[in-house]
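So the structure is just underneath, and the comments pick up after that.
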Amino acid sequence: MRNVAVCGSKVKSLVPYNDSIETIEIEGIPVTCGIIPSKETDPDFDKKAPQNRFNVLVKIRSFSCNYRDKALVFAALNKGGERSFYVVGSEFVSEVVDVGSEVTGFEIGDKVIGNNHYTGAGPSVNGVFEGLPTNHASKEYQVFHQAKLIKVPRKMPDEVAAAFSIGAQTAYSMIRKLNVTEGSNVLITAAKSNTSLFAINALKKHNVNIYATTTSMRFEKELKEMGVKELFQIDPTLESFTVHKRINKIAMEIGQFDCVFDPFFDLHLGKVIDVMAPGGRYVTCGLCNQYQSLIGQEFHYRGRDLQGVLALVISRNLQIIGNCIGLTEDLNNALKDYSSGRLDVVIDSVFSGNQVGAFFDRTYNVRERFGKVVYKYE
């Protein structure tokens, strides 16, 4: 059984013939990574056992990492020993190998991804916790409760399926909460982030005006081809988007932005709130400052303070909406749109074999990355 992992400095000496293990740098921190074989060879799964009656055994075919994995990697390196390793991965596509006696809706050979259904309520089905099925998506064989899986079309390429569940489920949930209407002016921040790319593609069917911000115009052509009406390059040190002449001009022309889709509230909320229309809706799913303290970096917030933000929320009747992942219906809606050709998925690159270091480097270091980076087992 194979696992893609970040490792302690002496793991290489324990598996001397493993030429997939190498050391790269992420944020200036040495990170040793590679394929680590488990002692287990064949998965031990008794489908008749009472504890497995609703469980499904799967074999991982491809996986990908998200922004949140970066913090998990640094935390693991801080806590782990020289001879330890931490198996990575948030999203995956797998094949059903076996099913428990009371499993319904899944058969051997089905192609499945994770169902990250999350309301914040805790255990929901037979004590199964909501949210991601695993933080170790690269572990080659895994057992999941049937509620944590969802089938995907056989025609969906593995690299798309391995990069689909979290981004699609999150974006569709956020758009649902924004309650966009035809002709709405929607501002999407961090346009090149994976969640924002999903949102841009998902919003096309709603016939809205999509504007977006970015720190680099490197992919302006690609983003406009996806449906972005205008792309604004911003300086991260700005205190307010009203200071940005082009954003402020457009905001005045359209009566400001009806909806804001923001993956990183600690980067944008205190700035974007100044250009929101009265009654506007803002939704966010995360924060940038997740790993910095783990590696000794300082994070500097820019924009209105909490009092200033809430003063505008009250005086302009704005809505600030939080979102964590989404519901099963959001993932189903995304899959339906993909199957009908109404949702595209942006894939940057695919790695396999001994290219573990290159996979991590492309995922976290390369500014020219556009879309998800996927690792595929050979």
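Table for the structure above
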read-out	value
Where a residue in the range 291-312 is of a type in the set (A, V, I, L, M, F, W, C) and its partner, wherever it lies, is not in a helix (DSSP H, G or I), with Cβ under 6 Å and at least six apart	Ile295/Glu27; Ile295/Ile29; Phe299/Asn289
The range 136-160, residues that are in a helix (DSSP H, G or I) and either touching a Phe, Trp or Tyr at 6+ places or on another chain (Cβ under 6 Å) or open to solvent by less than 10 Å² (accessible area, probe 1.4 Å) (or both)	Gln146
Of all residues in the range 203-213 being among the polar types (S, T, N, Q) and either at pLDDT below 95 or part of a strand (DSSP E or B) (or both), the one that is nearest to Ile188 (Cα to Cα)	Thr213
Candidate set from the range 226-250 (those that are free of Cβ contacts under 8 Å to residues at least 60 places away in the same chain and acidic (Asp, Glu)); member that is farthest from Arg281 (Cα to Cα)	Asp235
Residues (open to solvent by 80 Å² or more (accessible area, probe 1.4 Å) and not hydroxyl-bearing (Ser, Thr, Tyr)) located in the range 23-55	Glu25, Pro30, Lys39, Glu40, Asp42, Asp44, Asp46, Lys47, Lys48, Pro50, Gln51, Arg53
Residue in the range 214-226 that is at pLDDT 95 or above, in contact with a helix residue (DSSP H, G or I) (Cβ under 6 Å, 6 or more places away or on another chain) and open to solvent by less than 60 Å² (accessible area, probe 1.4 Å) present	yes
Positions within the range 196-212 being of a type in the set (Val, Ile, Thr), farther than 18 Å from Lys336 by Cα and surrounded by fewer than 24 Cβ atoms within 10 Å (Cβ to Cβ), in sequence order	Val208
Some residue of the range 312-324 being within 26 Å of Val93 (Cα to Cα) and not small (Gly, Ala, Ser)	yes
So Ala163, is it in contact (Cβ under 8 Å) with a residue 40 or more places away in the chain, open to solvent by less than 30 Å² (accessible area, probe 1.4 Å) and assigned to a helix (DSSP H, G or I)	no
For Lys12: the one exception among (1) of a type in the set (Lys, Arg); (2) open to solvent by less than 60 Å² (accessible area, probe 1.4 Å); (3) over 21 Å from Lys372 (Cβ atoms)	(2)
Hits in the range 333-356 (condition: surrounded by fewer than 15 Cβ atoms within 10 Å (Cβ to Cβ) and within 16 Å of Gly167 (Cα to Cα))	Lys336, Arg342
Neighbours by Cβ (under 7 Å, 6+ apart or cross-chain): first from the range 251-273, more than 15 Å from Tyr301 (Cα to Cα) and buried (at least 24 other Cβ atoms within 10 Å of the Cβ); second modelled with pLDDT under 95 and of a type outside the set (A, V, I, L, M, F, W, C)	none
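Table: residues versus (1) among the aromatic types (Phe, Trp, Tyr); (2) in a helix (DSSP H, G or I); (3) touching a residue at least 60 places away in the same chain (Cβ under 8 Å); (4) over 20 Å from Asn365 (Cα atoms).
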site	(1), (2), (3), (4)
Thr170	no, yes, yes, yes
Ser173	no, yes, yes, yes
Ala190	no, no, yes, no
Lys224	no, yes, no, yes
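Each row is one residue, and each column tells you yes or no for (1) open to solvent by 10 Å² or more (accessible area, probe 1.4 Å); (2) assigned to a strand (DSSP E or B).
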| position | (1), (2) |
| --- | --- |
| Ala76 | yes, no |
| Gly81 | yes, no |
| Val93 | no, yes |
| Val97 | yes, yes |
| Glu107 | yes, no |
| Val112 | no, yes |
| Ala121 | yes, no |
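The values are calculated or read from the model by the stated rules, or taken from the named source; none is laboratory data. Keep in mind that this is a model prediction, so the values were computed, not measured. Neighbour counts run over all protein chains shown; Cβ positions are idealised from the backbone, glycine included. All accessible areas refer to the heavy atoms of the entire protein, side chains included, with ligands and DNA or RNA removed. Shrake-Rupley method; radii C 1.70, N 1.55, O 1.52, S 1.80 Å.
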